[in-house]
Amino acid sequence: MAIRSHITDPATGRKTNVINKDNISSIAVATQQLKEYTNKLTFFTDANGSNDMNIGVAFGAAPVGVYDGGDRTQWTVTTPVGGAGDFLETSIVHAKNAIITVTNNAAINALDTITITTSVTGATVLTEGTEWDKLANAALTIDSIATAIDALSHMASADDGATIANMYTTNTEDIETIAFSGAGMTQSAQCIDATPSGNNDTLQFDKGSDLDLTGYVSITGYIYITGWGAGQGVNLYGWDVGASTQLGNTVNIGNYVDTSSEDIWQKFTISLVDMGISGLSSTFDALRMTTISTGVSPNYYIDYIQVEQVGTVDPTAFTVKPDKGTWLHVSDLVFSIADALDTALANNSMPSLSYDKILDVTKLANGITYQLIKNGKIVDVITVTNIGDWLQYPLVTISEAICDGTNTFIKISVKFVEPAILKEEDDDEMRIIISDSLSGLLFFRTCVGAKVEQRE
């Protein structure tokens, strides 16, 4: 026998009613939000509270060279974990950086040529008497060659000594070959080939003496990726050779570049703060680089590692964090950017914007790096070097674009499928790292749309 029952409010004694719609009997119910939230719009700010990201990043003029693929004698390389063939230390397969050396100035003749071939630009021919000159001695001749390389849009150079010109591509190109039509000069274009390395194989760069880190700010280098999957990484950390102990933190180079971009050179800039080896009394005498893989190892090459000197403006991290006793539910990011650029097109429905620039700023070498940090770990990374990098992702749009005929302002909006929850007790944060000079922009700020949940 069925038990006769009613749903009754114990406070008032009132019973619920059954309604009938489309021959279906049901109880009418209402819902209300269990928690109340507060809306919050807040900007990413640096350690000084500034939200202006159009900063003029510039390192000092005297970096400490760590390794240049065997082109120059710098720190001593060994393989403390793994075999001798795990890292091919003088590979000529790829190169970001290269050198030209004048070995016999007298042997150089009029109209001798230097042909530099890169992966994108192809062959560039520099002819004696036109782009450069043989002068009274090797030092003057190499100065002339360096000046000619500096004049190229895709290359730059700086004297590396009395007879050596140190050159590198200024974009993501690969140096393939350097050839001479005559005698009197040699070249070297090498890198570290880490493709044979497996899980935990480790390369060590030993300075041979302590480096006082006072006045230094970052580690930079270049990585060329040909394969990278889930669970893979390239860890970098400081090392004390005498004590045989790690110094500071382990950082994954993959968290500072776009690991899905293959067959190009990407620059990584890792602050000494992130590595945990900054400070007035900090020293170290070695760096270690370890291949990490839970399955197939990442395939990559490394070139041109340096310890960068403090400059006029150092790479800067801008962050958003929840206030004490709160969780921050972030659903939107908005990048607001302005530049002196006329993007108006008469009788047209779209602005005149280049996908491979940020307004009138050319493609960035390091990129703007976004990181989501949860419970002390970087769980999401995106690096953008131009507008196209932003717009390749879903739920990213240029939501506003205005121009007065002189200046252009755009708003790049990012919506998350699910809000990112930043928990104060876990020290969660969002971080945007600026490692390139963006002083050419008139305005650059980033804001989040979020709601605050009180936890205390």
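The values are calculated or read from the model by the stated rules, or taken from the named source; none is laboratory data. Since the structure is predicted, the reported quantities are computational estimates derived from the model, not experimental observations. Note that we place each Cβ from the backbone using ideal geometry, even for glycine, and neighbour counts take in every protein chain shown.
If I ask for residues that are surrounded by 20 or more Cβ atoms within 10 Å (Cβ to Cβ) and assigned to a strand (DSSP E or B), which ones from the stretch 433-456 would you list?
Ile433, Ile434, Phe444, Thr446, Val448, Ala450
Are any of the residues in the stretch 283-295 touching a helix residue (DSSP H, G or I) at 6+ places or on another chain (Cβ under 7 Å) and either in a loop (DSSP other than H, G, I, E, B) or surrounded by fewer than 15 Cβ atoms within 10 Å (Cβ to Cβ) (or both)?
Looking only at the stretch 283-295, we keep the residues that are touching a helix residue (DSSP H, G or I) at 6+ places or on another chain (Cβ under 7 Å), and these are none.
There is no residue in the stretch 283-295 that is touching a helix residue (DSSP H, G or I) at 6+ places or on another chain (Cβ under 7 Å) and either in a loop (DSSP other than H, G, I, E, B) or surrounded by fewer than 15 Cβ atoms within 10 Å (Cβ to Cβ) (or both).
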- Which one is farthest from the chain's Cα centre (by Cα) among residues in the stretch 415-429 that are of a type in the set (Asp, Glu) and assigned to a strand (DSSP E or B)? Glu418
- Search the stretch 359-376 for residues that are within 30 Å of Asp426 (Cβ to Cβ) and pair each with any residue that is of a type in the set (S, T, N, Q) and part of a strand (DSSP E or B) when their beta-carbon atoms are under 6 Å apart and the residues are at least 6 apart or on different chains. Asn366/Thr269; Gly367/Thr383; Thr369/Thr383
- Report yes if Glu89 is surrounded by 17 or more Cβ atoms within 10 Å (Cβ to Cβ), at pLDDT below 90 and not basic (Lys, Arg), otherwise no. yes
- Query: Of the residues Ala146, Ala106, Ala156, which single one is in a helix (DSSP H, G or I), of a type outside the set (Ser, Thr, Tyr) and touching an Asp or Glu at 6+ places or on another chain (Cβ under 6 Å)?
  - Reply: Ala146
- Which condition breaks for Ser181 when tested against (1) within 22 Å of Asp436 (Cα to Cα); (2) outside the structural domain of Leu272 (by TED's automatic domain parsing)? (1)
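Within the stretch 305-360, work out how many residues are of a type in the set (Ser, Thr, Tyr), at pLDDT below 90 and surrounded by fewer than 18 Cβ atoms within 10 Å (Cβ to Cβ).
3
Can you pull out every residue in the stretch 215-247 that is farther than 25 Å from Val93 by Cβ and assigned to a strand (DSSP E or B)? Show your work before the answer.
We begin by selecting, within the stretch 215-247, every residue farther than 25 Å from Val93 by Cβ; these are 215-218, 230-231, 237-247.
Listed by number, the residues that qualify are Tyr216, Val217, Ser218, Tyr237, Gly238, Trp239, Asp240, Thr245, Gln246, Leu247.
For the stretch 387-414, how many residues meet the condition of being of a type in the set (S, T, N, Q) and assigned to a loop (DSSP other than H, G, I, E, B)?
3
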- Query: Just a yes or no: is a residue in the stretch 197-210 crowded, with 19+ Cβ neighbours inside 10 Å and free of Cβ contacts under 8 Å to residues at least 60 places away in the same chain?
  - Reply: no
